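First comes the structure, then the notes that go with it.
Every read-out reported here was derived from the displayed coordinates using simple, explicitly stated rules and does not represent laboratory data. These figures come from a predicted structure and were not determined experimentally. We place every Cβ from the backbone using ideal geometry, glycine too, and count neighbours over all the protein chains shown.
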Amino acid sequence: MSTVTILTMDAPYESANSTTALRIVDAAIRKGHNVNVFAYEGAVSYSVTTQKPHQNPVKGTSVEEERHPNTKDWVAALLSAAQAKGVKLDWVRCGLCEDERGAFEQVPGTRRGSPADFVKQIASSDNVLVIPTK
Amino acid sequence: MAKILNIVESAYRATIEEQDDTILWFSHMLANAGADIAVLLRGNAVNYLSKGQEVGDLRFGDAGLGNPPRIAEDVAVLRSKKGVPIYYVLEDATQRGLERSSLIDTGEPVAQADLARFVSGYERVFHW
């Protein structure tokens, strides 16, 4: 078992970067690795609990038919998956970044932090991947 | 009513999380609202016409995609049900190895050399 740290920076619903980050987290957990996430800038919005799924007026589908999971659901699912697998998922949100965005209601099991936490994550990791906003 | 051209170049932008392409979706909504609109696919977005697109069962933990994006179908419906003309830049498809036979029938090619004349036929041009 190794430990990997992933810093992700893009907001959800803006690019493929957030999907990619979540896929890597998911794959690492499935392989039995500990994962640290540092959600920086727009990425603090992955785990905002006030996200809501919506109907799709283009396709004429209801909320139920659309079955559109929000990123908060994926973060919660990854936390559950890590627990079930017996590995650690330490999901740290940049506190000042969420203050700027008013992103205060967050998925339980994630925690508010600062770049100092990222330094600690780096120190405890076998490798680190930064996925920046371009 | 002003003729509108949506030029879609930013491709596969958050299409997994959105379960569709946001600009195609926006184009549907504009058409629903009565806009006289056309779509031109250029750059990597020409791949939206490819028949070979497939999004499998993507899951994060136990949370999966409800309705994975079916972008070629969305383009086809935009044409067939909303009457929105769909165009693509021929050379952009050729450069990516996309032959006509690999594309859905919905799109009409526009040569790069004809783009200026083509775009001048629209009063509002939005480049996404």
Practice item. Tell me, yes or no, whether the range A:31-46 has at least one residue that is at the interface with chain B (Cβ under 9 Å from one of its Cβ atoms) and surrounded by fewer than 20 Cβ atoms within 10 Å (Cβ to Cβ). Key: no
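Is there a residue being at the interface with chain A (Cβ under 10 Å from one of its Cβ atoms) and either in a loop (DSSP other than H, G, I, E, B) or more than 30 Å from A:ARG67 (Cβ to Cβ) (or both) anywhere in the range B:28-41?
The initial filter retains those residues of the range B:28-41 that are at the interface with chain A (Cβ under 10 Å from one of its Cβ atoms), namely B:28-29, B:31-32.
Add one more test, that the residue is either in a loop (DSSP other than H, G, I, E, B) or more than 30 Å from A:ARG67 (Cβ to Cβ) (or both), and what stays is none.
No, the conditions are met nowhere in the range B:28-41.
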Among B:LEU24, B:LEU78, B:LEU49, the single one that is more than 14 Å from chain A (Cβ to nearest Cβ), buried (at least 21 other Cβ atoms within 10 Å of the Cβ) and within 13 Å of the chain's Cα centre (by Cα) is B:LEU49
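In the set B:GLU99, B:GLU54, which member is within 30 Å of A:ALA76 (Cβ to Cβ) and more than 14 Å from chain A (Cβ to nearest Cβ)? Lay out the reasoning, then the answer.
Working: B:GLU99 fails: within 30 Å of A:ALA76 (Cβ to Cβ).
Just a single option satisfies the conditions, and that option is B:GLU54.
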Those residues of the range B:55-76 which are in a helix (DSSP H, G or I) and either touching a Phe, Trp or Tyr at 6+ places or on another chain (Cβ under 8 Å) or closer than 19 Å to A:ALA84 by Cα (or both) amount to B:ILE71, B:ALA72, B:ASP74, B:VAL75
Conditions (1) over 22 Å from A:GLY102 (Cα atoms); (2) surrounded by fewer than 16 Cβ atoms within 10 Å (Cβ to Cβ) -> A:ALA28 fails only (2)
Checked against (1) without any contact (Cβ under 8 Å) to a residue 40 or more places away in the chain; (2) of a type outside the set (A, V, I, L, M); (3) crowded, with 20+ Cβ neighbours inside 10 Å; (4) more than 28 Å from A:GLU66 (Cα to Cα), B:PHE60 satisfies every condition except (4)
A:SER62 passes all but one of the listed conditions (1) within 7 Å of another protein chain (Cβ to nearest Cβ); (2) among the hydroxyl-bearing types (Ser, Thr, Tyr); (3) without any contact (Cβ under 8 Å) to a residue 24 or more places away in the chain; the exception is number (1)
Pairing a residue in the range A:6-29 that is facing chain B (nearest Cβ under 10 Å) with any residue that is in a loop (DSSP other than H, G, I, E, B) and of a type in the set (Val, Ile, Thr), where Cβ atoms lie under 9 Å and the two sit 6 or more apart in sequence or on different chains, gives A:ASP10/A:THR133; A:ALA11/A:THR133; A:GLU14/A:THR133; A:SER15/A:THR133; A:ASN17/A:THR133; A:ILE29/A:VAL87
